[in-house]
Amino acid sequence: MSDAAPARTPTDWTTAAMKRRIARRYRAERRFRAVGLAAVVLSASFLFFLLAVMMGNGISGFMRTEVALPMDFKSTPLVVDRGALATRGADLALAGAGLENRVSTAASAAFGERGADLIAGNAWTAVRDAIKADPDLLSQNTHIWVPASADLDAALDGGGKPEFAADATALRERDAIRSSFNSGFLQGADSTDPTAVGIWGAFKGSLLTMLVTLLIAFPIGVFSAVYLEEYAPKNRWTDLIEVSINNLAAVPSIIFGLLGLAVFLGTLGLPRSAPLVGGLTLALMIMPVIVIAGRNAIKAVPPSIRDAALGIGASRIQVVFHHVLPLALPGILTGTIIGMARALGETAPLLLIGMRAFIVTPPGGVFDPATVLPVQIFLWSDEVSRGFIEKTSAAIIVLLVFLLAMNAVAIYLRNRFETRW
């Protein structure tokens, strides 16, 4: 006769002890939900605070303070060949005619002995451009809006040197000062004058560097992932390679900068501070990330896909490129997004290969000297002039927009190729 298991007494959910247990469970769940919600709110608050500070400080960086400068070309003509104003030598012709000194003299005559200190050092270029656009100004008595000096700009915001505050008030009463959108900030390059700096040189340098990085890291990383996951034999050497790739993904970025300095500059003799060298260095840095993400994405493809393709006569390479890779592409692009975002914000490895040089001309190609947005932000933040603070915040906004645009394109491509099971 077998021993029968004792009958289990049904749970009595109406007892006081059971009700207390249930109440404790509900309270614990509510606490967990509250803590999770608080964590999300706190994270979003930090993000909004960062964006608010950057926008508040950076919007003014896209603006320029201008002063209405009286220029009397009618009484005292500027001796220049008007025919040369329609040629490429117009800038040289106006500079040779003494336009810079003429602008400085006009500022002193209009605003007093310190008048030349109220306009930017490159104010004469605004007069030059106005004359090139309308040569008839050379026979007129007119007012031309020129950029104000950094000291006068700071005085308008309640800072800077006290003696410029009275000048700002006087110009405001005469309606001789205004703020306008600074298109030169988006079109120029670096400068020692905060009123003349531009972000286009660094932006183009970042664009070329990221292009080189993507063209090198993406195919090599994907092919490495395909080989390791689909073709490589499982032995000690493969295990060593996998461990090395995982370790490389965690190596500090400055180590890759030292590697780029030793190999690309020291051994191969590639041009210093060029986007080509920066792209090669950053490609080495993000390649392990792409390999790891690619292997995980390929591994996530169901084995039944491979079996079905092989069952209808597809070759091994057809299985990989016609079936596995298209299905793994969203995961691969996710890893690429992470790697490219990290590369876009890197500064240390690029400083070591010389991309901190003072570049006043935007690069024309991947072999020309260039700098990138993070390095440009770093250099401007180290300047003592107050005018560079606003430009630094404005450059950060440009960097964030660039990052969001790059990620948006990658996310669109990932969603475009994603297959829902």
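The values are calculated or read from the model by the stated rules, or taken from the named source; none is laboratory data. This is a predicted model, so every value here is computed, not measured. Ideal geometry is used to build each Cβ from the backbone, glycine not excepted, and the neighbour counts take in all protein chains shown. With ligands, DNA and RNA removed, areas are computed over all heavy atoms of the protein, side chains included. Shrake-Rupley method; radii C 1.70, N 1.55, O 1.52, S 1.80 Å.
Computed quantities for the displayed model
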quantity: Subset of the range 232-246 [part of a helix (DSSP H, G or I) and free of Cβ contacts under 8 Å to residues at least 24 places away in the same chain]; calculated: Arg236, Trp237, Thr238, Asp239, Leu240, Ile241, Glu242, Val243, Ser244
quantity: Where a residue in the range 89-104 is touching a residue at least 24 places away in the same chain (Cβ under 8 Å) and its partner, wherever it lies, is small (Gly, Ala, Ser), with Cβ under 8 Å and at least six apart; calculated: Ala90/Ala84; Val103/Ala123
quantity: Criterion (surrounded by 10 or more Cβ atoms within 10 Å (Cβ to Cβ), in a helix (DSSP H, G or I) and under 37 Å from the mean Cα position of the chain (by Cα)) met by exactly one of Ala68, Ala38, Ala109, Ala84; calculated: Ala38
quantity: Enumeration of residues in the range 87-104 that are farther than 21 Å from Asp175 by Cα and either modelled with pLDDT of 85 or more or not in a loop (DSSP other than H, G, I, E, B) (or both); calculated: Ala90, Asp91, Leu92, Ala93, Leu94, Ala95, Gly96, Gly98, Leu99, Glu100, Asn101, Arg102
quantity: Leading residue by the ranking (nearest to Ile397 (Cα to Cα)) among those in the range 10-35 that are of a type outside the set (D, E, K, R) and outside any helix (DSSP H, G or I); calculated: Trp13
quantity: Residue list for the range 106-127, restricted to those being among the β-branched types (Val, Ile, Thr) and within 18 Å of Ala154 (Cα to Cα); calculated: Ile119
quantity: Top-ranked residue of the range 188-213 - restricted to ones that are open to solvent by 70 Å² or more (accessible area, probe 1.4 Å) and either touching a Leu at 6+ places or on another chain (Cβ under 6 Å) or assigned to a helix (DSSP H, G or I) (or both), ranked as farthest from Ile332 (Cα to Cα); calculated: Trp200
quantity: Matching entry among Leu344, Leu329 (being open to solvent by less than 30 Å² (accessible area, probe 1.4 Å) and among the aliphatic types (A, V, I, L, M)); calculated: Leu344
quantity: Residues being buried (at least 24 other Cβ atoms within 10 Å of the Cβ) and among the polar types (S, T, N, Q) - total across the range 267-288; calculated: 1
quantity: Test for Pro135: is it open to solvent by less than 50 Å² (accessible area, probe 1.4 Å) and touching a Ser or Thr at 6+ places or on another chain (Cβ under 6 Å); calculated: no
quantity: Answer from Gly269, Gly354, Gly313, Gly279 - the residue that is of a type outside the set (A, V, I, L, M, F, W, C) and assigned to a helix (DSSP H, G or I); calculated: Gly279
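Conditions (1) of a type in the set (Ser, Thr, Tyr); (2) open to solvent by 80 Å² or more (accessible area, probe 1.4 Å); (3) at pLDDT below 85; (4) in a loop (DSSP other than H, G, I, E, B), marked per residue:
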site	(1), (2), (3), (4)
Val366	no, no, no, yes
Glu383	no, yes, yes, yes
Ile396	no, no, no, no
Leu399	no, no, no, no
